[in-house]
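Peer 1: Shown below is the structure under consideration.
The values are calculated or read from the model by the stated rules, or taken from the named source; none is laboratory data. A quick note: this is a predicted structure, and the numbers were derived from the prediction, not measured. Quick reminder, even Gly has a Cβ in these numbers, built from the backbone with ideal geometry, and neighbours come from all protein chains shown. Side chains included, ligands, DNA and RNA excluded: accessible areas come from the protein's heavy atoms. Shrake-Rupley method; radii C 1.70, N 1.55, O 1.52, S 1.80 Å.
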Amino acid sequence: RQAARQSERTINLDPRRGPILDRNGSSLAVSVDAESIYAVPQEIEAPEKTAAQLSRALGLDAGARKELAAQLHRNKAFVWVKRKVDPQMARAVRDLQLEGIGFLAENRRYYPKRELASQVLGYVGLDNTGMSGVEYGFESHIRGKAAKVTVHIDARRRPVGHTEKPSTDGHTVVLTLDESIQHVAERELDRAMAETGSLAGTVVVLAPRSGEILAMANRPTFNPNRFAASPSSHWQNRVVAGAYEPGSIFKIVTAAAALQEKVVDPDEVLDCGGGGIDIAGTHINDHAVFHQLSFRDVIAKSSDVGVIRVAQRLGRDNFNRYVKNFGFGSPTGIELPGESPGLLRPLSKWSGLSLASLSFGQEVGVTPLQMAVMMAV
């Protein structure tokens, strides 16, 4: 063991990450071959000149060139020059035919569809580790086991050969996403944002009976091949992490609970108060003046007062139970990192106004995914 420590240097090479595919087998993330450049300083007679030539070929700035020169002056059997370079750079360095400079085959992550589903897929850091999305959530499955290169050196610290232990590829991950549906979802999201002048937006396409996500789109977006070129805020998957106050679409929960509990008949006429109602010392105005509406019309015309009347019949306990049973206030359990549970205050923290406010989607925070699941139900 002592001899091995003195005569061997082991280098770990990144394993080939398993591909990420859509439901039809289309590649969304793959690993492609890349060459890494290393140096054996003890074989380099002119470190400064070699560093200058390498810097020109690799496009290094003055600071990086100085650091490289310092590395080449060291009495070592192995140092990295630059890892996972593009083919043009590798060819430029190889053409120099420099003594003491070698190449090792590695791989890097590549996203052939660029921005498509980028927040779902996530990205991989420089150390080949998943940093967000599926890449992060399934890291232990996708990563694989590293290759090992053992460099053997003699008593004067000169390399005399090397042995390699191959890597084990990572597992394939197949998503429920459909690439074609994802493409349409992102195209339509771009169109809607342009029409409304919005700064951000999301789209979820969900199969209601199975719960499978067929598309999950976010804007603004980023290219995971060049993730550092975009602000970190663009990396966020707002579908699962972004909570917001839903407003009137939440009336579906109130209507569903009322029908299930049979506290209202679809054709029953409700008093809508002429467009206003007083609750806990607060006057709530409707968006229009309604006097008498059937429950069907209360929902169709989105009357706040009419919905409040129905929620009052349900009562605080019943309504709170239905909101929870629809999944609000809890994560859905989707296999993506960073999911928000939204915001639903416990019943003990409700004010006299809370039942009315919640009935039409205020005083509650939801994620777009929670709303899609609610609509599926």
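Peer 1: Are any residues in region 201-230 assigned to a helix (DSSP H, G or I) and charged (D, E, K, R), and if so, which ones?
Peer 2: Of everything in region 201-230, just one residue is assigned to a helix (DSSP H, G or I) and charged (D, E, K, R), namely 226.
Peer 1: Name the residues in region 169-202 that are within 16 Å of residue 372 (Cα to Cα) and either in contact (Cβ under 8 Å) with a residue 60 or more places away in the chain or aromatic (Phe, Trp, Tyr) (or both), would you?
Peer 2: Correct list: 176, 177, 182, 202.
Peer 1: Also: I'd like to check something: does region 104-122 contain any residue that is farther than 16 Å from residue 225 by Cβ and either free of Cβ contacts under 8 Å to residues at least 60 places away in the same chain or open to solvent by less than 20 Å² (accessible area, probe 1.4 Å) (or both)?
Peer 2: yes
Peer 1: Pairs please, first residue from region 354-377 and on the phi > 0 side of the Ramachandran plot, second anywhere and part of a helix (DSSP H, G or I) and of a type outside the set (D, E, K, R), Cβ atoms under 8 Å, 6+ apart in sequence or on different chains.
Peer 2: 361/247; 361/248; 361/249; 361/250; 363/354; 363/357
Peer 1: I'm trying to understand the selection: among the residues of region 319-372, which are open to solvent by 50 Å² or more (accessible area, probe 1.4 Å) and β-branched (Val, Ile, Thr)?
Peer 2: 332
Peer 1: Which of the residues belonging to region 21-36 are assigned to a strand (DSSP E or B) and over 19 Å from the mean Cα position of the chain (by Cα)?
Peer 2: Within region 21-36, 32, 33, 34, 35, 36 meet the criteria.
Peer 1: Just to verify a result, which residue in region 93-103, among those that are without any contact (Cβ under 8 Å) to a residue 40 or more places away in the chain and outside any loop (DSSP other than H, G, I, E, B), is farthest from residue 38 (Cα to Cα)?
Peer 2: Top of the filtered list is 95.
To keep it simple, each residue is scored yes or no on (1) more than 26 Å from residue 187 (Cβ to Cβ); (2) among the hydrophobic types (A, V, I, L, M, F, W, C).
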residue: 69; (1), (2): yes, yes
residue: 73; (1), (2): yes, no
residue: 85; (1), (2): yes, yes
residue: 89; (1), (2): yes, yes
residue: 101; (1), (2): yes, yes
residue: 104; (1), (2): yes, yes
residue: 107; (1), (2): yes, no
residue: 114; (1), (2): no, no
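Peer 1: Residue check: is residue 323 modelled with pLDDT under 95 and either at positive phi or out of contact with any Ser or Thr (no Cβ under 7 Å at 6 or more places or on another chain) (or both)?
Peer 2: Working: modelled with pLDDT under 95: no; either at positive phi or out of contact with any Ser or Thr (no Cβ under 7 Å at 6 or more places or on another chain) (or both): yes.
For residue 323, the condition - modelled with pLDDT under 95 and either at positive phi or out of contact with any Ser or Thr (no Cβ under 7 Å at 6 or more places or on another chain) (or both) - is not met.
Peer 1: A follow-up question, please. Within region 38-52, is there a residue that is open to solvent by 50 Å² or more (accessible area, probe 1.4 Å), among the hydrophobic types (A, V, I, L, M, F, W, C), modelled with pLDDT of 85 or more and outside any loop (DSSP other than H, G, I, E, B)?
Peer 2: no
Peer 1: Among (1) touching a Ser or Thr at 6+ places or on another chain (Cβ under 8 Å); (2) under 19 Å from residue 130 (Cβ atoms); (3) open to solvent by less than 30 Å² (accessible area, probe 1.4 Å); (4) not small (Gly, Ala, Ser), there is one condition residue 189 misses while meeting the rest; what is its number?
Peer 2: In the conditions (1) touching a Ser or Thr at 6+ places or on another chain (Cβ under 8 Å); (2) under 19 Å from residue 130 (Cβ atoms); (3) open to solvent by less than 30 Å² (accessible area, probe 1.4 Å); (4) not small (Gly, Ala, Ser), residue 189 misses (2) alone.
Peer 1: Just give me the residues in region 309-318 being assigned to a helix (DSSP H, G or I) and open to solvent by less than 30 Å² (accessible area, probe 1.4 Å), in sequence order.
Peer 2: Residues satisfying the conditions are 310, 311, 314.
Peer 1: Name the single residue, out of those in region 96-113 being touching a Leu at 6+ places or on another chain (Cβ under 9 Å) and modelled with pLDDT of 85 or more, that is nearest to residue 179 (Cα to Cα).
Peer 2: Restricting to residues being touching a Leu at 6+ places or on another chain (Cβ under 9 Å) and modelled with pLDDT of 85 or more, the top hit is 113.
Peer 1: Next question. Consider residue 55 carefully, then state whether it is open to solvent by less than 80 Å² (accessible area, probe 1.4 Å), small (Gly, Ala, Ser), out of contact with any Phe, Trp or Tyr (no Cβ under 6 Å at 6 or more places or on another chain) and within 30 Å of residue 170 (Cα to Cα).
Peer 2: no
Peer 1: Taking the residues in region 62-92 that are over 19 Å from residue 42 (Cα atoms) and in contact (Cβ under 8 Å) with a residue 12 or more places away in the chain as candidates, determine which candidate is surrounded by the most Cβ atoms within 10 Å (Cβ to Cβ).
Peer 2: 85
Residue by residue, here is whether (1) touching a residue at least 24 places away in the same chain (Cβ under 8 Å); (2) in contact with a Phe, Trp or Tyr (Cβ under 6 Å, 6 or more places away or on another chain); (3) assigned to a strand (DSSP E or B) holds:
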position	(1), (2), (3)
267	yes, no, no
273	yes, no, no
277	yes, no, yes
284	yes, no, yes
289	no, no, no
298	yes, no, no
302	yes, no, no
307	yes, yes, no
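Peer 1: Any residue in region 49-56 that is in contact with a His (Cβ under 8 Å, 6 or more places away or on another chain), in contact (Cβ under 8 Å) with a residue 40 or more places away in the chain and either closer than 21 Å to residue 101 by Cβ or not aliphatic (A, V, I, L, M) (or both)?
Peer 2: Residues of region 49-56 that are in contact with a His (Cβ under 8 Å, 6 or more places away or on another chain), as a first pass: none.
No, every residue in region 49-56 fails to be in contact with a His (Cβ under 8 Å, 6 or more places away or on another chain), in contact (Cβ under 8 Å) with a residue 40 or more places away in the chain and either closer than 21 Å to residue 101 by Cβ or not aliphatic (A, V, I, L, M) (or both).
Peer 1: Same structure, new question: Can you tell me how many residues within region 221-240 are touching a strand residue (DSSP E or B) at 6+ places or on another chain (Cβ under 9 Å) and open to solvent by less than 60 Å² (accessible area, probe 1.4 Å)? Give the steps one after another, and end with the answer.
Peer 2: Our first condition is that a residue be touching a strand residue (DSSP E or B) at 6+ places or on another chain (Cβ under 9 Å); within region 221-240, this holds for 224-225, 227, 234, 236-240.
Next, from what is left, pick out any that are open to solvent by less than 60 Å² (accessible area, probe 1.4 Å): 224-225, 227, 234, 237, 239-240.
Here the count works out to 7.
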